[in-house]
Amino acid sequence: MFYRTQKLKQTWLILTVLCCLSLTISKASVSCLGFLHDKQVSGRVYDAETGESLVGVNIIIKGTLHGTVTDIDGKFSLSITEEKVMIQASFIGYVTEEIIAVAGSNTDIYLLPRYEELQEIVVIGYGTQKERNIT
C-alpha cells in the first residue's frame, strides 16, 4: 500500500511540473508572437488625378494573405513583422501599386485610374414598370 501511494505522489508531482512547464512555454510563445507584430505601417490612399481619398482599397503584404482595407477617409494601418515590407494597394478600376513600407512610417499611396478596365464593365438590369410611372 505504501509503495502504491508513493508511486501516485510521484506521478502527480511529475504531471504538475509538466503542466506548469507547458504553461510557461505557451505564455512565452504568445508574448514572442505579440512582439513580432509590434511594428505598424499606416498611411492613406488617394486617386492620383483628383487627389480624393479612396475608400475600400485592398492593402496586403506582398506574397501573404495578411492585409487590410482603407476606411472612409482612405486611411489604413497594418501590423508587420519586419522593418521593411513590400505592400500592394489594389482597387477596381485602378492600377495596382507596389510600395516598400518602413515600420513606423506614414505611407501615402497614389493610384492611377485604369480607363480601359472601366470600359469592360457591363451593367444589366431587369424589371418592369408601367408606362405612366415613367413619363
Margin query: Is it the case, given these coordinates, that Leu33 is over 14 Å from Ile109 (Cα atoms), open to solvent by 80 Å² or more (accessible area, probe 1.4 Å), at pLDDT 65 or above and within 23 Å of the chain's Cα centre (by Cα)?
Written below: no
Notebook entry, point to check: Does Leu78 qualify as being in a strand (DSSP E or B) and modelled with pLDDT under 95?
Noted result: yes
Check: Which one of these does Thr50 not meet: (1) open to solvent by 40 Å² or more (accessible area, probe 1.4 Å); (2) in contact with a Leu (Cβ under 9 Å, 6 or more places away or on another chain)?
Finding: (2)
Item checked: Subset of the stretch 53-65 (residues that are on the phi < 0 side of the Ramachandran plot and surrounded by fewer than 15 Cβ atoms within 10 Å (Cβ to Cβ)) -> Val55, Lys62, Thr64, Leu65
Next item on the list: For the stretch 67-85, state whether one or more residues are without any contact (Cβ under 8 Å) to a residue 24 or more places away in the chain and of a type in the set (A, V, I, L, M, F, W, C).
Entry: yes
Notebook entry, point to check: If we keep just the residues of the stretch 83-131 that are at pLDDT 70 or above and among the basic types (Lys, Arg), which is most open to solvent (accessible area, probe 1.4 Å)?
Noted result: Lys84
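The values are calculated or read from the model by the stated rules, or taken from the named source; none is laboratory data. The model shown is predicted, which means the values in this text are computed figures rather than measured ones. Methodologically, a virtual Cβ is constructed for each residue, glycine included, from the backbone with ideal geometry; neighbour enumeration extends over all protein chains shown. What goes into the accessible areas is simple: the full protein's heavy atoms, side chains included, and nothing from ligands, DNA or RNA. Shrake-Rupley method; radii C 1.70, N 1.55, O 1.52, S 1.80 Å.
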